[in-house]
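Engineer: Questions regarding the structure given below will be posed in turn.
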Amino acid sequence: MNYLLDTHAFLWWIADHPMLSPPARKLIADTENDIYLSTASVWEIAIKTRAGKLEITEDINIFIADNLQKNSFKILPINLFHSIKISEIPNSHRDPFDQMLAAQSIVENMPILSRDMKIAELGAELIW
């Protein structure tokens, strides 16, 4: 099955952080599943790193590429249909990154691994 990682789920997985839920951890670890990271998450990581809100000690290009390869994660690019879907979801969650992740999750019929319950309010299937 295909699953989309929220940005924090990606970061917590690669850091082996205890905040990552056991169900999410199990799904990510299952090699039968295809795990996707959105380009929206890469964009969010880049912005937060530049703003000093997220510390990444290596070049972000290497950080992303190495962690994608090491974990066999796939990239989910943002496409036209994802962008248009945002106009159809509720505007109850102001975070543009989360809005895009929800839109991608809905369009691709791909559950999102996230602790952010507000994403479910946007219509995405949330697993945590």
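The values are calculated or read from the model by the stated rules, or taken from the named source; none is laboratory data. All values derive from a computational prediction rather than experimental measurement. A quick note on method: Cβ atoms are made from the backbone with ideal geometry, for glycine too, and the neighbour counts reach across all protein chains shown.
Engineer: Could you count how many residues in the range 36-53 are without any contact (Cβ under 8 Å) to a residue 12 or more places away in the chain and touching a Lys or Arg at 6+ places or on another chain (Cβ under 6 Å)?
Structural biologist: Number of matching residues: 0.
Engineer: For the range 50-68, enumerate the residues that are part of a helix (DSSP H, G or I), under 17 Å from TRP12 (Cα atoms) and more than 16 Å from the chain's Cα centre (by Cα).
Structural biologist: Of everything in the range 50-68, those that are part of a helix (DSSP H, G or I), under 17 Å from TRP12 (Cα atoms) and more than 16 Å from the chain's Cα centre (by Cα) turn out to be ILE60, ASP66.
Engineer: Could we say that ASP16 is modelled with pLDDT of 95 or more and among the charged types (D, E, K, R) here?
Structural biologist: For ASP16, the condition - modelled with pLDDT of 95 or more and among the charged types (D, E, K, R) - is met.
Engineer: Where the second residue is part of a helix (DSSP H, G or I) and aromatic (Phe, Trp, Tyr) and the first is under 13 Å from LEU5 (Cβ atoms) and lies in the range 59-72, which pairs have Cβ atoms under 9 Å and are six or more apart or on separate chains?
Structural biologist: Qualifying pairs under 9 Å: ASN67/PHE10; ASN67/TRP13; ASN71/PHE10; ASN71/TRP13.
Engineer: Surrounded by fewer than 21 Cβ atoms within 10 Å (Cβ to Cβ) and touching a helix residue (DSSP H, G or I) at 6+ places or on another chain (Cβ under 7 Å): is that true of ILE60 in this structure?
Structural biologist: Working: surrounded by fewer than 21 Cβ atoms within 10 Å (Cβ to Cβ): yes; touching a helix residue (DSSP H, G or I) at 6+ places or on another chain (Cβ under 7 Å): yes.
Judged against the criteria, ILE60 is a match.
Engineer: Looking only at the range 4-49, which residues are buried (at least 17 other Cβ atoms within 10 Å of the Cβ), part of a loop (DSSP other than H, G, I, E, B) and more than 12 Å from the chain's Cα centre (by Cα)?
Structural biologist: The one that is buried (at least 17 other Cβ atoms within 10 Å of the Cβ), part of a loop (DSSP other than H, G, I, E, B) and more than 12 Å from the chain's Cα centre (by Cα): LEU20.
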